[in-house]
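The values are calculated or read from the model by the stated rules, or taken from the named source; none is laboratory data. Note that this is a predicted model, so its numbers are computed, not measured. All Cβ positions, glycine included, derive from the backbone under ideal geometry; neighbour counts span all protein chains shown. Calculation scope for accessible area: heavy atoms of the full protein, side chains included, ligands and nucleic acids excluded. Shrake-Rupley method; radii C 1.70, N 1.55, O 1.52, S 1.80 Å.
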Amino acid sequence: MTLPAKARELRTLITDGKLELSIQEVDVMPPGPGEVVVRIEAAPINPSDQPLLLGPADLTTLASDGRVTTAAIPEAMAGLVAARLGKSLPAGNEGAGVVVAAGDGAEHLIGKTVAVLGGAMYTQYRTVPLAAVLVYGEGVTPAQGASAFVNPLTALAMVETMRMEGHTALVHTAAASNLGQMLNKICIKDGVDLVNIVRSDEQAKILSNIGAKYIIDSSKPDFRDALVDALSETGATIAFDATGGGDLAGRILAAMEAALVRKTPPTTQYGSPVHKQVYIYGRLNLTPLTIVQNMGFAWGVGGFLLTPFLMKAGTETVARLRQRVADEILTTFASSYTSEISLDQAIAPDTILGWQRKATGEKYLINPTL
């Protein structure tokens with residue numbers, strides 16, 4: 001096909017005291033050697049996309065003139081975005097579509113459905129190197145393959161990290177999320193015990209329906225006892241926490257210590273010598289993280305991000321994980337969406353208030369062809 005000279009693309013801009021979201025025309029770059037042009041037909045809005053899209057904007061001030069959507073940046077938050085003032089930025093970590101043009105060495109992919117990781121996915125056409133695409137087999141649609149990297153690879157990375165650090169079971173919070181459901185499917189398939197922490201009966205039912213065994217509701221009065229019992233049974237000593245703030249990470253560490261002490265009473269005042277680790281990978285709770293010293297002395301809290309893990313894991317491991325995603329995109333790594341929206345709809349104030357909630361069971365998919 002003849003490539004268009006221009007494509008529509010969602011852009012986010014922060015000026016002095018104001019966020020602006022708009023749809024702009026950008027140049028479509030022809031492919032060079034080892035590159036392809038993908039017509040993007042599906043790109044999810046993940047929680048990890050939202051800091052770039054919205055910054056620290058006050059969403060109660062959202063307004064639109066039908067072309068540009070704006071919101072105020074609180075003065076106290078201005079320092080957080082000082083480095084991007086005046087810069088119109090593309091957004092969207094991942095997406096999927098059909099290869100419509102290719103440079104030398106990539107012609108065999110024309111017509112193939114591929115997933116793409118590389119940023120700037122909220123656009124109609126994206127030119128990327130071969131290393132950025134994941135090729136699907138026949139029958140996979142762009143919508144089915146759009147969420148191939150962020151959640152699937154993060155879930156796989158959690159299990160890989162567990163193994164690399166010598167743990168045998170793990171804990172996950174906000175466990176009924178799209179990522180959490182994938183993690184359960186991986187653990188069930190791989191025979192790994194997973195303790196799921198949820199916040200409601202509805203979330204517990206989601207996980208129960210896919211076969212999760214250990215589901216602990218943090219809103220229940222018996223949360224601590226139920227968690228200690230599950231940790232004692234599974235031996236889980238590593239957790240991945242999506243909440244980030246508050247006291248949940250500390251409560252998990254304390255429960256791990258209680259489970260370990262129950263099995264093997266410590267011989268010193270320093271508690272169990274078994275190391276307990278919580279990795280924080282999200283900030284659903286924006287209050288300060290609080291840790292109470294009741295988990296002995298063998299413990300750690302750290303941050304966890306996908307990109308540093310992939311850099312550390314090495315090319316062979318990353319290739320293996322990517323291939324597993326491609327092979328299981330319709331099963332283990334299947335995603336469902338509550339809303340499919342156009343680029344223009346994505347920046348409408350009412351729609352923004354929908355996708356920014358990060359609500360369990362709600363996931364928005366942008367289709368730039370609409």
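Summary of values
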read-out	value
Criterion: acidic (Asp, Glu), surrounded by 21 or more Cβ atoms within 10 Å (Cβ to Cβ) and in contact with a strand residue (DSSP E or B) (Cβ under 6 Å, 6 or more places away or on another chain) - qualifying residue of Glu25, Glu9	Glu9
Selection within region 58-85 - more than 14 Å from Ala346 (Cα to Cα), of a type in the set (Gly, Ala, Ser) and at pLDDT below 95	Ala76, Ala78, Gly79, Ala82, Ala83
Failed condition for Thr113, given (1) more than 23 Å from Ala346 (Cα to Cα); (2) touching a residue at least 60 places away in the same chain (Cβ under 8 Å); (3) among the polar types (S, T, N, Q)	(2)
Matching residues, region 95-133, being in contact with a Gly (Cβ under 8 Å, 6 or more places away or on another chain), surrounded by 19 or more Cβ atoms within 10 Å (Cβ to Cβ) and farther than 19 Å from Asp27 by Cα	Ala96, Ala106, Thr113, Val114, Ala115, Ala132
Residue pairs meeting the criteria (Cβ under 6 Å; at least 6 apart or on separate chains; first without any contact (Cβ under 8 Å) to a residue 12 or more places away in the chain, in region 296-317; second open to solvent by 60 Å² or more (accessible area, probe 1.4 Å))	none
Leading residue by the ranking (most open to solvent (accessible area, probe 1.4 Å)) among those in region 291-311 that are among the aliphatic types (A, V, I, L, M) and more than 23 Å from Val261 (Cα to Cα)	Met311
Odd one out for Thr243 among (1) at pLDDT below 95; (2) out of contact with any helix residue (DSSP H, G or I) (no Cβ under 9 Å at 6 or more places or on another chain)	(2)
Test for Ile352: is it in a helix (DSSP H, G or I), touching a residue at least 40 places away in the same chain (Cβ under 8 Å) and crowded, with 19+ Cβ neighbours inside 10 Å	yes
Breaking point among (1) touching a helix residue (DSSP H, G or I) at 6+ places or on another chain (Cβ under 9 Å); (2) not in a helix (DSSP H, G or I), for Pro152	(2)
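For every residue, the table says whether it meets (1) in contact with an Asp or Glu (Cβ under 7 Å, 6 or more places away or on another chain); (2) part of a helix (DSSP H, G or I).
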{"residue": "Gln293", "(1), (2)": "no, no"}
{"residue": "Gly296", "(1), (2)": "yes, no"}
{"residue": "Pro308", "(1), (2)": "no, yes"}
{"residue": "Arg320", "(1), (2)": "no, yes"}
{"residue": "Ala326", "(1), (2)": "no, yes"}
